[in-house]
1. Checking the conditions here, which among Thr34, Thr17, Thr46, Thr21 is over 22 Å from the mean Cα position of the chain (by Cα) and β-branched (Val, Ile, Thr)?
2. With the condition kept exactly as written, say whether any residue in the range 28-47 is under 23 Å from Arg137 (Cβ atoms) and part of a helix (DSSP H, G or I).
3. Which ranges mark the helices (runs of 4 or more DSSP H) fully within the range 224-327 that have 3 or more residues being buried (at least 16 other Cβ atoms within 10 Å of the Cβ) and of a type in the set (D, E, K, R)?
4. Considering the range 50-66 alone, what residues qualify as being crowded, with 22+ Cβ neighbours inside 10 Å, aliphatic (A, V, I, L, M) and not in a strand (DSSP E or B)?
5. Among (1) more than 24 Å from the chain's Cα centre (by Cα); (2) of a type in the set (Gly, Ala, Ser); (3) part of a loop (DSSP other than H, G, I, E, B), which single condition is Gly78 missing?
6. Look at Ala374 and say whether it is farther than 26 Å from Ile258 by Cβ, modelled with pLDDT of 95 or more and surrounded by 17 or more Cβ atoms within 10 Å (Cβ to Cβ).
7. Could you please find all residues in the range 121-150 being in contact with a strand residue (DSSP E or B) (Cβ under 8 Å, 6 or more places away or on another chain) and either assigned to a helix (DSSP H, G or I) or of a type in the set (Asp, Glu) (or both)?
8. Here are some residues: Ala56, Ala122. Which one is free of Cβ contacts under 8 Å to residues at least 12 places away in the same chain and not assigned by TED's automatic domain parsing to the domain that holds Leu230?
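The values are calculated or read from the model by the stated rules, or taken from the named source; none is laboratory data. As the structure is a computational prediction, the values presented were derived from the model and not from experiment. Neighbour counts run over all protein chains shown; Cβ positions are idealised from the backbone, glycine included.
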Amino acid sequence: MTAPQRIAVLGLGRMGTAVATRLADQGWDVVGWTRSGRPAGAVETTGDPNDAVAKADIVLLALFDGPACLEVVDQVRGALRSDAVVVNISTIAPSEAAGLARDLGASYVHAPVLGSVSAVAAGALRILAAADHDRVRPVLEALGTVHRVDDAATAAALKLVANNSLAGAVVALRDTLRQADALGLPRAPVLDVLALGQLGGLVARKRPFLTGEPTPVVAEFTVGALAKDLALLAAASDTPLGGTAGLADTPAGPEADIAVAATVPAVDDAVLEPLRAYVRGHSTGDPAHFRDAFLPTAHIEGIRDGAFVSWPLEEYCTLFHGRPAPDEPARSRRVDTVDVHGTVATATMSLWHGADTFTDIFLLVHVDGSWRIANKAYHRHS
């Protein structure tokens, strides 16, 4: 079967960029589009999704959620070729997948994937395809192994169930590490032993995140994405989440790798809330989150361009303009330590922002019934 002449990849986050790059490397003519306008390495990109799909044999959706899929499909509907096939690898609700299948008919293939960025690069994804389309099959096989399922809703539901099992493994790893810490066991031999057992695959893949070393590692599957998937599963099944529900509030932020959830300090949730707000400020660029995190009298201090700076909170907030940094999907943050001493606490956080790595040190106080950050000092690693 002759390969399609052109593939449009709509959505160039971590997975979309990896998929576009893999297909281009395998010889397909690939064009990409993303709402952020972010480039995707060597893959051709366009600023208009209609331009991307106008000449495409296959339109591949790699978007964050169902509403994004519906919005983009509606946006490009008029530009789709009559013989184009829409392949959706996004993780969405079963009802959303079924709706797209009804809307687009035989030209829609729902094909959520199991695996992350490294699996894409190796062509090792497991793909739950709800249709067997001749022109789509070689494209999917270039990305991994195809498993045929009955329909779009089933494929979407199976993906959510699979991600729930991953969340359970993360929670089990978190609880195990906390017990090991309580026993005074060094982290390295604990991970060595866990690598031999049922959690071995997760430990092997995520060890850089678990060791606590200040090494920048780009997140492959984020806490935010997993939390979204767990919420979809709970809604679709009408069954509340069990022990995995807490992953949605991992204080290292929605863009942090899932393994961060296994290393979050076991402290009272209220102490972590200002740290979560602080991370939300960085991930969204919205200074309102910093005002939630800090006391109005707080200062942010450190060395900038060789000189000591001490910003009052409002001056610090002027550095943020209400939108994420262009490279936000590649950034990650991790809460390293939290120590509570009655009504005061200290915390440290590592932040990997592009070429820069920061260590943030916080002083928190419990005032008027809640925890707030009283001061922050930071070190920028060169």
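1. Numbers: Thr34 fails: over 22 Å from the mean Cα position of the chain (by Cα); Thr17 fails: over 22 Å from the mean Cα position of the chain (by Cα); Thr21 fails: over 22 Å from the mean Cα position of the chain (by Cα).
Thr46 is the lone residue from the list that is over 22 Å from the mean Cα position of the chain (by Cα) and β-branched (Val, Ile, Thr).
2. No, the range 28-47 contains no residue that is under 23 Å from Arg137 (Cβ atoms) and part of a helix (DSSP H, G or I).
3. In the range 224-327, 269-284 are the helices (runs of 4 or more DSSP H) which contain 3 or more residues that are buried (at least 16 other Cβ atoms within 10 Å of the Cβ) and of a type in the set (D, E, K, R).
4. Keep residues of the range 50-66 that are crowded, with 22+ Cβ neighbours inside 10 Å, which gives 52-53, 56, 58-63, 66.
The next check asks that each one be aliphatic (A, V, I, L, M); those that pass are 52-53, 56, 58-63.
Ala52, Val53, Ala56, Ala62, Leu63, listed by residue number.
5. Status for Gly78: all satisfied but (3).
6. Working: farther than 26 Å from Ile258 by Cβ: yes; modelled with pLDDT of 95 or more: yes; surrounded by 17 or more Cβ atoms within 10 Å (Cβ to Cβ): yes.
Criteria met by Ala374.
7. Step one: of the range 121-150, the residues in contact with a strand residue (DSSP E or B) (Cβ under 8 Å, 6 or more places away or on another chain) are 123-133, 135-137, 139-140, 143-149.
Asp132, Arg137, Val139, Leu140, Leu143 - these are the residues of the range 121-150 that are in contact with a strand residue (DSSP E or B) (Cβ under 8 Å, 6 or more places away or on another chain) and either assigned to a helix (DSSP H, G or I) or of a type in the set (Asp, Glu) (or both).
8. On the way: Ala56 fails: free of Cβ contacts under 8 Å to residues at least 12 places away in the same chain.
Among Ala56, Ala122, only Ala122 is free of Cβ contacts under 8 Å to residues at least 12 places away in the same chain and not assigned by TED's automatic domain parsing to the domain that holds Leu230.
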